[in-house]
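Trainee: To start, I am sharing the structure in question, which I have written as structure tokens.
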Amino acid sequence: MHKLSGKIILELKDVDYTHPSNSDASSEPALRKINFKIREGDSVSVIGPSGCGKSTLLRLLNRMADPDNGRIFYKDKPLKEHDVLNLRREILLVPQEIYIVPGTLADNLKIVKRDEEITDDELHHVLNSVGLGSKPLHLDSTSMSVGEKHRLALARAFLLNPKILLLDEPAASLDLPAARGIIDTISGFHEKFDNTVIMVTHRFRLARRIGGSVVMLDKGRIVETAESLDFFRNPQSPQAQRFIKDAGED
Ligand SMILES: Nc1ncnc2c1ncn2[C@@H]1O[C@H](COP(=O)(O)OP(=O)(O)O)[C@@H](O)[C@H]1O
Ligand SMILES: [Mg+2]
């Protein structure tokens, strides 16, 4: 997946963040001195071991939380100066825990656009694009497998066609072949539209498969940023070298 990158769409400057429940002096911040820039059309994998701050970082990007220090800019304007509801539609977070409402597959897609009519044709189209094209719209959504639920979550996001798609472990708990299928679906979306995709994963094989660039976190700090090919061929930091070596078959 390689496209010519556009102008800077998102920029973090010296961002620190400590979870409010951990704010006594003895606890470590979840994120420290985070600096990076993302260009329009980029595909970025944020990787690192469990607890390093990946999910926290995504939450800051769509204002589910605000930095304690430092600033985040979206389209050259501080994140805080954007209308938060519009912002969350443009910078869409697909969290790790997928919510399913009781009802049909169609019900579970239509909830993302409460104020707009979605035709069955549009629903079929988006289900095709996530590999659920053979599923009937009236399928009981609670009967779907974990992999199918991940695909449903992507279908909802694709319907909204955000400027920036934030994905938190989009293939969590799936085996490698199923996870690869999800990654290929995300790649297909990214190739087709001008969107920016920021994906969090603790599985380096998935980050390698999606390509683009990599930001590696360790204990709340960025330890390495690189083009994906360079990162996996020739990791520079000891943390990245260890992470890749220890990842085994995952
Ligand atoms: N809601 C929370 N309250 C307090 N601490 C939290 C909360 N969520 C995460 N943390 C802590 O913040 C750090 C980063 O967590 P997280 O961003 O979830 O890491 P990752 O997604 O990389 O596994 C960890 O030390 C974690 O224990
Ligand atoms: Mg996480």
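Trainee: For the pair L160 and D14, what calculated FRET efficiency results from E = 1/(1 + (r/R0)^6), where r is the Cβ-Cβ distance and R0 = 30 Å, to the nearest 0.05? Walk me through the intermediate numbers first.
Mentor: On the way: r = 31 Å, r/R0 = 1.03.
Once rounded, the FRET efficiency stands at 0.45.
Trainee: Of the options I8, N35, I47, report the single residue whose Cα projects farthest towards the positive end of the charge dipole of segment 5-47 (beta-carbon charges: Lys, Arg +1; Asp, Glu -1).
Mentor: Of the options given, the answer is I8.
Trainee: How large is the Kirkwood hydrodynamic radius of segment 8-246, counting all unique pairs of alpha carbons, in Å?
Mentor: By the Kirkwood definition, the hydrodynamic radius is 18.6 Å.
Trainee: Round to the nearest 10 and give me the degree value, 0 to 90, for the angle of helix 120-129's Cα axis relative to the longest principal axis of the chain.
Mentor: Between the helix axis and the principal axis of the chain, the angle is about 50 degrees.
Trainee: Given the -39500 (n - 2.57) contribution per DSSP H run of 4+ residues, what per-residue ellipticity at 222 nm results for the chain, rounded to the nearest 500 deg cm²/dmol?
Mentor: Roughly -10000 deg cm²/dmol at 222 nm, from the helical runs in the chain.
Trainee: Just to be sure I understand the model, the point goes 7 Å from the Cα along the line to the Cβ. What's the resulting A247 to T225 distance in nm?
Mentor: 2.0 nm
Trainee: At a Cα cut-off below 21 Å, give the lysines reachable from K7, other chains included and same-chain residues fewer than 8 away excluded.
Mentor: Reachable lysines: K37, K75, K77, K80, K163, K192.
Taken together, the values in this text are just the output of simple stated rules run on the coordinates, not laboratory data. All figures in this text were calculated on a predicted structure; none of them were measured in a lab. Glycine also receives a Cβ, built like all others from the backbone with ideal geometry; neighbour counts cover every protein chain displayed.
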